[in-house]
1. Considering only residues of region 156-187 that are part of a strand (DSSP E or B) and among the polar types (S, T, N, Q), which is farthest from Thr120 (Cα to Cα)?
2. Would you please name the residue that is nearest to Thr533 (Cα to Cα), looking only at residues in region 550-592 that are small (Gly, Ala, Ser) and either touching a strand residue (DSSP E or B) at 6+ places or on another chain (Cβ under 6 Å) or not in a helix (DSSP H, G or I) (or both)?
3. Residue check: is Phe272 open to solvent by 60 Å² or more (accessible area, probe 1.4 Å) and of a type in the set (Phe, Trp, Tyr)?
4. Counting just the residues of region 103-157 that are open to solvent by 50 Å² or more (accessible area, probe 1.4 Å) and β-branched (Val, Ile, Thr), which one comes out nearest to Gly170 (Cα to Cα)?
5. If you take the residues of region 348-380 that are among the hydrophobic types (A, V, I, L, M, F, W, C), outside any helix (DSSP H, G or I) and over 13 Å from Leu296 (Cβ atoms), which of them is farthest from the chain's Cα centre (by Cα)?
6. May I ask you to list the residues in region 523-549 that are assigned to a helix (DSSP H, G or I), of a type in the set (A, V, I, L, M, F, W, C) and either surrounded by fewer than 18 Cβ atoms within 10 Å (Cβ to Cβ) or modelled with pLDDT of 85 or more (or both)?
7. Taking into account only those residues within region 181-209 that are closer than 14 Å to Trp113 by Cα and in contact with a Lys or Arg (Cβ under 9 Å, 6 or more places away or on another chain), which is surrounded by the fewest Cβ atoms within 10 Å (Cβ to Cβ)?
8. Pairs please, first residue from region 403-415 and open to solvent by 10 Å² or more (accessible area, probe 1.4 Å), second anywhere and assigned to a helix (DSSP H, G or I) and of a type in the set (Ser, Thr, Tyr), Cβ atoms under 7 Å, 6+ apart in sequence or on different chains.
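The values are calculated or read from the model by the stated rules, or taken from the named source; none is laboratory data. All values reported here derive from a predicted model rather than from experimental measurement. With ideal geometry, Cβ positions are generated from the backbone for all residues, glycine too; neighbour counts draw on all protein chains shown. To get the accessible areas, we keep the full protein, side chains included, count just its heavy atoms, and leave off ligands, DNA and RNA. Shrake-Rupley method; radii C 1.70, N 1.55, O 1.52, S 1.80 Å.
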Amino acid sequence: MYKYAFLVYHKEYKAFLEGLREFGAVHITQFNPTNEHHVIQELKEQHRRVKNQLNFFDELLTRHKSAESVQSIEPIQSIPSLLSRVEALREDASKLRSSISLFEKEREAFALWGDFSYETIGKMRESGYVVSFFTCPESHYNEAWEKTYNALKINTFQSTVYFVTITRIGAVLPIDADRAKLPLKDYRSISDEIEQATLQKEEVEKELLKIARTDYASLKRLSVELENETEWNGVMAQTSHEAADKLMFIEGWIPADKRTEMIRTLDAKGYFYQNLEITDEDNIPIKLKNNRFTRLFEPLTQMYSMPNYKEFDPTPLFAPFFMLFFGLCFGDGGYGLLLVLAALFLKPKVSESLKPILSLVSYFGIATMVVGLLTGSFFGFSIAAFSTFASVKKYFLTSDNLMIISLVIGFFHVVYAKIIAAMKIKIQRGLKYSLSAFAWIFVIVSSACVLVLPKANIHLPQTVEYALYGIAGLSALVALFYNTPGKNVFLNFGSGLWNTYNTVSGLVGDVLSYIRLYAIGLTSALLGGVFNTMAIDLTASMNPFIRWLPMLLILLVGHALNFGLGIISSLVHPLRLIYVEYYKNSEFEGGGIDYKPFTKK
């Protein structure tokens, strides 16, 4: 990235910005916050309103995609009134849905009393009789009330008796029961209200669908106009007015591959510009450059923080590991196959923005299938248990193997992160400042080879062991006495002891964190097996001709639940291993800002 300053005469500034926006490669430096800029905030609020309606229309048109859509472009001046109309119609539809829901609840409560008319009760009152409505527990109902107060049982629901009494006006009713609260309208009137509100709602929805079919493009156009206007005003907010507002000053960043073209364009129009020196205080915008595979993992990087300009892009460095971690956590070949098939099926049907996510899902599915093949797990069934695979049973990974593999992967990943950290220090500060970081890597790897390999029945020649001890010792001296070049040797030694404590304790804790790969993968496989066993055992006594249905239901519900839990676990825990263990040991700083060129959409 190159940093440039631009100084333009105020009468030419609009044309300059138009040209800069047309060029579409300059990231404007943000000096002034815009969260209190009333024009920008108003534009953002309008854009939010438009996006809200567009998202609603997207869902509406998807539900009615069989219908023809003839788009028209309304004049930009008339679109705000169209937006207000859509919002009013949606509000009407929401109110009608609420009314229908309320009426349905009233009718549901009224249904326990049957279909009667308040008009009939009113006529009885005119004749000198009053109808009273009561409820009481079934055990408290007294049948003597039927003779004394002309009580009539209307309904019994959930051990509650619903009954009425018919008595003369003024008669005392000492009944141990609760008076029922009835709606103001009877069952038939409520049903009529529901029908009328439903018809009104359908009319409003038809009107909304009509607008969606004809005016979606107009709202989309307004959305783009608002985005461009917001960005324009954002650039104006970063402009400094110099020389009594006669000169306009602004700074921006340009990628190296666009620099020559920008200079040629500015020279042709006679604008003044100057290449500025980049300082340590500058927050240089970041433009990630990854290949087709690692680009899919960029959202994971952006979810945490963009790297700053002085460090490595972590995306290609963690992408293969994240894919491996996901496969180990999900750990079932059948579930991996489902992920691949679902991604392939949905990819042609979704928008372009969602296709990279589905490509990522398909890679996750492939990793899961590979792990499932190695462990012999397919939809919770152990492949090794089938006689067909008896000859290769010994080659499948067991739970003990997986635990050890998880710890080995963890150790390798932590050391790998420390190598990245050492390389970053070497590039940023120089070799002598990175010697201590490299020394710790040699200490860790040499000690692990000497102490851990014999426990795995891997015995090194004695000369190799002595060489490793020597490497570890020399590296420890560097780590203890040369961890901060230029400082007193005693200060270095004290700092080295403190680093030793942090490194040893941190290394053990970080490596043990990777055992979750084994635990989560094992849990997923065991749960799948449990649901398989339930489906078989719970239906064992059923007729073979009908047994398949409950068995299928148990399998579908059980595996759907396990699949959903597996997806969540297989995303959350690898993210934790990347964001905590890897980022910490690789000394990831982050804090970079995304490269967003000033351009017209």
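1. Only one residue tops the list, namely Thr160.
2. Once the filter is applied, the top-ranked residue is Ser586.
3. So Phe272 fits the description; yes.
4. Here the answer is Thr148.
5. Among those that are among the hydrophobic types (A, V, I, L, M, F, W, C), outside any helix (DSSP H, G or I) and over 13 Å from Leu296 (Cβ atoms), it is Phe378.
6. Within region 523-549, Leu526, Leu527, Val530, Phe531, Met534, Ala535, Ile536, Phe545, Ile546, Trp548, Leu549 meet the criteria.
7. Across region 181-209, the extreme among qualifying residues is Pro183.
8. Short answer, once both residue conditions are applied: Met403/Tyr518.
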